[in-house]
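Chemist: Starting off with a structure, shown below.
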Amino acid sequence: MKEETEKQAREKETVIIINNLEKHFGSLEVLKDVSMKLYKGENLVVLGKSGTGKSVLIKCIVRLLDADAGTIDIDGVEINSIRAKELDNARAKIGFLFQSGALYDSMTVRENLAFPLKRIKKEMTEEQIDLKIKETLENVGLPEVIDKMPSELSGGMRKRVSLARTIIVDPSIMLYDEPTTGLDPVTSDEISGLINDIQKKYKTSSIIITHDIECVRSVANRIIMLHQGKVYMEGSLEDFEKSEDEMVQAFFKTKKNN
Amino acid sequence: MMKTIPITHLKKYAQKKTIDLSDETLSSKNKFVEIFSNIGDVGLFLWNVVKNTFSRGFEFNEFLKQCFQVGNKSLGLISITGVVIGLVLTIQSRPVLVDFGAVNMLPGMVAISIIREMGPVITALICAGKVGSGIGAELGSMRVTEQIDAMEVSSTNPIRFLIVPRVLATTLMIPLLALYADVLGIFGSWIASNIKGDVSFILFISQAFGDVDFMDFLPAVIKTFFFGAVIGLVGCYKGFNAGRGTESVGIAANSAVVMSSLLVIVVDLIAVQITDLL
C-alpha cells in the first residue's frame, strides 16, 4: 500500500524540487539541509513554530533571499544560478502573498492591481487591464474598493486585495506567507476558502506557510513540519492528527483546545 | 549575485588551516570588517544606481512625479528662506557699508554672496531636511512593510523604479530651487534697501548684476547638481537599506538628514577649493 502511494507520488509532476537547502544569518543557522517537493495542483502546508525558517524558505524560493547551499528547481530551472532576466521570467510564474499584504500605500487599489499586470503582461491594453482588475476584485469579493487607498481598508480587505494583486497575473505557483495571521476567525476562514477557490479555479500549486491549525485543516493536501530549520515530519493531515510524536501532538492538541 | 559565507563554515575552515578565528579575535575584528562591509555596500549601491540610470526601461512617469514632489515639497520653505536671506544680509551689511561710504556696493555684494554661496547651500540644507528625510522615511517604510520585496517579486527592479527617478529628480530640481532662492534673495535685499532708503528696482538690479560675472554664476550652479545628487543618493540609500522593524524608519529618516547635510557641507568645501584654483 505504502509502496503504491510512493509510486503514485513519484509519478506526480513536480513543480518545485528543493535539495539540501541551507541558509544562515551570521552565526544563526536558519535552514539546515532542507529537501522537499511541491507537486502540481497540490496545497502543501509548511507548518512550524515561529523562527523555524518557514518564511525564509519561501523567500529563498523566489530569491528574495539567496540560499547559502543547496538547489531550488522551479519547472526545471535552477533558481539560484540564473541571471536577472531569467529570474524575472521564473518569478512571473509565481504569486507571493506577503504576511503584511505589502500593498503599495501610495497607490489606489486599481493602481496596485495594475502594477504587476503592466510589468508582467506587457501585451495587454488599458481596457483589458481594467477589465481584468474588475474581474479579479469580483473573484475576491471586493469590487467596491477599486478606487480606495489601502489605508481606507480593513485588515481582512487588505489581505483580499493583496491576494487579488497576486492572482491577477495568473501564476501557476502560489506562495502564501502566513495568510491568516492577525485576522479574526471568520475572516481567516474566508481567506482559507479563497485559497481553496484559487487552487480549483486557477489550477495553482501552492505552498502555504502557517501555524494556524484551522487554516491547515481547511487547505492542506499535504503537510511538512519544520523544526529547528529541518524537515521534522511529512505527511497528510490524517498522519499528523494521528501522530504519537510529542511535538506534533503538542502542536495539534494545543490548537484544538483553543 | 554574491553569496555570504556563514561564519560556522569559516570557523571549520580556520580549524583545518590553524587560523585563529576565536570569538574574541572575531569581535575585535568586527568593527574593522563592518567599516569595509559598509563601504562595499555603498559602492555596490552607487554602481547599481549608475548602471540602472543608463539601462533601458527608464521610469519617466515616476521621474516626473518625483520632480513634482521634490519641487512642491520645498517651494514654500525655499520662498520664505530666500526672501529672509536677502533681507537679513542687507540689514546686517548696510550700516558698515554706510560707515565706509560704500553703500552703492551693497546690491553687488549681496548678489554675489547669495548667488555664490548662500542660495545654493541654504537651499541644499533645507532640501536635505525636507526632501532627504521624506525619501528616507518613505523607502524605509516600504522596506519594513515588504512593499519593496513585493515589487521585486512582480519582476520590477526596485532600483530602477524607486531609486533612479528620485536621485535624478533631486539632481535636477535642487539647482532649479537654488536659482529660485537666488532670485527671491535678491528681491528680499531690494525690499530691505527700499525700507532704509529709496532705491528703484531697476537701478538695484542693474547694480547687483553689474558686479556679478559668469564665473560667479557657473560654479555655483554646477555644485547644486552635486548637492542634489548627494541628497537623493543618501536618502535613497538609508531608506532602501533600512532594517526590518518600525524603529528603523525613524533611524533611516534621521540618518538621511544628518548624513546628507554633512555631505552638502563637504561638497561645498571641495567646490570652493576647486573654484579658487580656477
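Chemist: Give just the number: which of (1) at the interface with chain B (Cβ under 9 Å from one of its Cβ atoms); (2) closer than 30 Å to A:E29 by Cα; (3) crowded, with 17+ Cβ neighbours inside 10 Å; (4) not aromatic (F, W, Y) does A:A84 not satisfy?
Modeler: Going through the list (1) at the interface with chain B (Cβ under 9 Å from one of its Cβ atoms); (2) closer than 30 Å to A:E29 by Cα; (3) crowded, with 17+ Cβ neighbours inside 10 Å; (4) not aromatic (F, W, Y), A:A84 breaks only (3).
Chemist: Quick check: anything in segment A:95-107 within 14 Å of chain B (Cβ to nearest Cβ), among the hydrophobic types (A, V, I, L, M, F, W, C), in contact with an Asp or Glu (Cβ under 9 Å, 6 or more places away or on another chain) and assigned to a loop (DSSP other than H, G, I, E, B)?
Modeler: First, the residues of segment A:95-107 that are within 14 Å of chain B (Cβ to nearest Cβ): A:95-107.
Then keep just the ones that are among the hydrophobic types (A, V, I, L, M, F, W, C); that gives A:96-98, A:102-103, A:107.
Next cut, in contact with an Asp or Glu (Cβ under 9 Å, 6 or more places away or on another chain) only: A:96-98, A:102.
Cutting the leftovers down to assigned to a loop (DSSP other than H, G, I, E, B) gives us A:98, A:102.
Yes, the conditions are met somewhere in segment A:95-107.
Chemist: Going through B:S133, B:S154, B:S189 one at a time, which residue ends up being more than 14 Å from chain A (Cβ to nearest Cβ) and closer than 27 Å to A:N112 by Cβ?
Modeler: Numbers: B:S154 fails: more than 14 Å from chain A (Cβ to nearest Cβ); B:S189 fails: closer than 27 Å to A:N112 by Cβ.
Of B:S133, B:S154, B:S189, the one residue that is more than 14 Å from chain A (Cβ to nearest Cβ) and closer than 27 Å to A:N112 by Cβ is B:S133.
Chemist: Going through segment B:56-105 one residue at a time, which ones are within 24 Å of the chain's Cα centre (by Cα) and not in a helix (DSSP H, G or I)?
Modeler: Scanning segment B:56-105 gives B:F58, B:E59.
Chemist: Could you list all residues from segment A:35-59 that are β-branched (V, I, T) and in contact with a Gly (Cβ under 7 Å, 6 or more places away or on another chain)?
Modeler: Scanning segment A:35-59 gives a single hit, A:T52.
Chemist: Identify the single condition in (1) within 17 Å of the chain's Cα centre (by Cα); (2) free of Cβ contacts under 8 Å to residues at least 12 places away in the same chain that B:G232 does not satisfy, given that it satisfies every other one.
Modeler: Unmet condition: (2).
Chemist: Could I ask something else about it? State all residues of segment A:195-212 that are part of a helix (DSSP H, G or I), surrounded by fewer than 21 Cβ atoms within 10 Å (Cβ to Cβ) and either among the hydrophobic types (A, V, I, L, M, F, W, C) or more than 13 Å from the chain's Cα centre (by Cα) (or both); if no residue qualifies, say none.
Modeler: Quick first cut of segment A:195-212, residues part of a helix (DSSP H, G or I) only: A:195-202.
The next check asks that each one be surrounded by fewer than 21 Cβ atoms within 10 Å (Cβ to Cβ); those that pass are A:196-197, A:199-202.
Within segment A:195-212, A:D197, A:K200, A:K201, A:Y202 qualify.
Chemist: For A:Q249, all conditions in the list (1) in a helix (DSSP H, G or I); (2) in contact (Cβ under 8 Å) with a residue 60 or more places away in the chain hold save one; what is the number of the exception?
Modeler: Among (1) in a helix (DSSP H, G or I); (2) in contact (Cβ under 8 Å) with a residue 60 or more places away in the chain, A:Q249 violates only (2).
Chemist: A:V248 fails exactly one of the following numbered conditions: (1) modelled with pLDDT of 90 or more; (2) more than 16 Å from the chain's Cα centre (by Cα). What is the number of that condition?
Modeler: Tallying (1) modelled with pLDDT of 90 or more; (2) more than 16 Å from the chain's Cα centre (by Cα), A:V248 fails exactly one: (1).
Chemist: Within segment A:148-186, how many residues are free of Cβ contacts under 8 Å to residues at least 60 places away in the same chain, in contact with a helix residue (DSSP H, G or I) (Cβ under 6 Å, 6 or more places away or on another chain) and among the acidic types (D, E)?
Modeler: 0
The values are calculated or read from the model by the stated rules, or taken from the named source; none is laboratory data. All of these numbers come straight from a predicted model, not from anything done at the bench. Note: ideal-geometry Cβ built from the backbone for every residue, glycine included; neighbour counts use all protein chains shown.
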